[in-house]
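The values are calculated or read from the model by the stated rules, or taken from the named source; none is laboratory data. The structure presented is a predicted model; accordingly, all values stated were derived computationally and were not measured. Cβ sites come from the backbone with ideal geometry, for glycine too, and all protein chains shown count toward neighbours.
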Amino acid sequence: MIKQQKTAVVTGASSGIGAATVQVLSAAGYQVILAARRRERLEKLAQEYGGIAVELDVTSSASVAAFAAQIETPVDVLVNNAGGALGKETIVEFDEEHWLQMYQSNVLGLARVTRALWPQLQKSSAATVINIGSVASEETYMGGAGYTACKHAVRALSETMRLEWLGQPIRITEIDPGLVETEFSLVRFAGDAKAAKAVYDGMTPLVAADIAEAIRWVVSLPEHVNIDRLLIKPRDQARVDKVVRR
């Protein structure tokens with residue numbers, strides 16, 4: 001009997017953790033659907049690692065609906081990776097547009113994509129949904145209220161999925177990285193390369209491949225094994241604001 005190739009959907013696939021996840025899942029034998037807004041980068045990655053590039057803006061309900069309509073196969077793995085942080089304003093100085101954008105991508109975007117792909121997840125004999133959270137899903141820090149609020153919400157979504165889908169052949173894992181050197185800080189500081197670099201100065205951060213390897217491990221486990229949550233930090237980090245620098 002010919003075994004059908006499994007399908008994985010990765011959002012935020014054009015860079016960082018998303019791109020690294022595309023690489024490892026493609027190598028593991030999945031047909032990977034790369035989803036993000038930057039189509040040119042998606043197509044380049046699809047050519048390099050294999051897979052199908054599909055433009056997706058998780059902040060747009062219409063974009064999510066159009067994306068899901070193109071996927072006819074069962075979805076065996078969904079990696080909800082799209083999201084990010086903007087700014088580090090205090091609560092009394094917060095930028096409302098920043099907070100709205102973060103909520104749209106980190107929270108509503110995750111919910112939109114999951115809802116839209118629900119029929120395809122149900123077609124899988126054993127699906128896995130992986131939500132990329134952050135250490136900010138359990139910690140708070142000055143200047144981070146908008147982002148931590150969003151990632152706390154990701155925790156709530158992940159835990160609610162486990163409750164609502166109990167009895168379904170679907171596993172739900174939340175992966176919460178600490179400091180990972182990607183475009184994350186560059187985006188957060190609006191392209192200020194000096195400010196972004198300072199986040200990782202004097203310490204050894206995680207890299208995107210570290211988180212991608214954790215994703216590969218989670219989906220490789222026997223179908224009855226559910227890893228509810230993985231908290232992954234670099235050795236040089238104990239908490240969000242407790243980092244050793246040399």
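Looking at (1) at pLDDT below 95; (2) not in a helix (DSSP H, G or I), which is the only condition A238 fails?
All conditions pass for A238, except number (1).
Within the range 145-170, how many residues turn out to be assigned to a loop (DSSP other than H, G, I, E, B) and among the polar types (S, T, N, Q)?
Counting residues in the range 145-170 that are assigned to a loop (DSSP other than H, G, I, E, B) and among the polar types (S, T, N, Q) gives 1.
Quick check: anything in the range 218-231 exposed (fewer than 15 other Cβ atoms within 10 Å of the Cβ), closer than 23 Å to M102 by Cα, in contact (Cβ under 8 Å) with a residue 12 or more places away in the chain and hydrophobic (A, V, I, L, M, F, W, C)?
yes
Would it be correct to say that Q101 is assigned to a helix (DSSP H, G or I), out of contact with any Ser or Thr (no Cβ under 7 Å at 6 or more places or on another chain) and at pLDDT below 95?
no
Which residue out of S125, S185 is touching a residue at least 12 places away in the same chain (Cβ under 8 Å), of a type in the set (S, T, Y) and closer than 27 Å to R38 by Cα?
S185
Given the condition part of a helix (DSSP H, G or I), touching a helix residue (DSSP H, G or I) at 6+ places or on another chain (Cβ under 8 Å) and either more than 20 Å from G143 (Cβ to Cβ) or of a type outside the set (K, R) (or both), answer yes or no: does some residue in the range 175-184 qualify?
The answer is yes, given that some residue of the range 175-184 is part of a helix (DSSP H, G or I), touching a helix residue (DSSP H, G or I) at 6+ places or on another chain (Cβ under 8 Å) and either more than 20 Å from G143 (Cβ to Cβ) or of a type outside the set (K, R) (or both).
Output the qualifying pairs, or none if there are none: Cβ atoms under 8 angstrom, residues six or more apart or on different chains, first residue in the range 82-97 and within 22 Å of E174 (Cβ to Cβ), second residue modelled with pLDDT of 95 or more and of a type in the set (S, T, Y).
A82/T11; A82/S105; G83/S105; G84/S105; A85/Y147; L86/Y147
Where residues in the range 192-211 are part of a helix (DSSP H, G or I) and hydrophobic (A, V, I, L, M, F, W, C), which of them is nearest to I17 (Cα to Cα)?
A208
Among (1) surrounded by 15 or more Cβ atoms within 10 Å (Cβ to Cβ); (2) over 22 Å from the mean Cα position of the chain (by Cα), there is one condition Y200 misses while meeting the rest; what is its number?
Unmet condition: (2).
List the strands (runs of 3 or more DSSP E) that sit entirely inside the range 1-67 and contain at least 2 residues that are surrounded by fewer than 18 Cβ atoms within 10 Å (Cβ to Cβ), aliphatic (A, V, I, L, M) and in contact with a helix residue (DSSP H, G or I) (Cβ under 7 Å, 6 or more places away or on another chain).
Output list is empty.
Take the range 134-144 and flag every residue that is surrounded by 17 or more Cβ atoms within 10 Å (Cβ to Cβ) and either outside any loop (DSSP other than H, G, I, E, B) or without any contact (Cβ under 8 Å) to a residue 60 or more places away in the chain (or both).
S134, V135, A136, S137
Six or more apart or on different chains, Cβ under 6 Å: which pairs go from a residue in the range 9-29 that's on the phi > 0 side of the Ramachandran plot to one that's surrounded by 24 or more Cβ atoms within 10 Å (Cβ to Cβ) and modelled with pLDDT of 95 or more? Could you list them?
Every condition considered, the pairs that remain are G12/G18; G12/A36; G12/N81; G12/A82.
Quick one: is V129 among the β-branched types (V, I, T), crowded, with 23+ Cβ neighbours inside 10 Å, more than 20 Å from S185 (Cβ to Cβ) and touching a helix residue (DSSP H, G or I) at 6+ places or on another chain (Cβ under 6 Å)?
So V129 fails the test.
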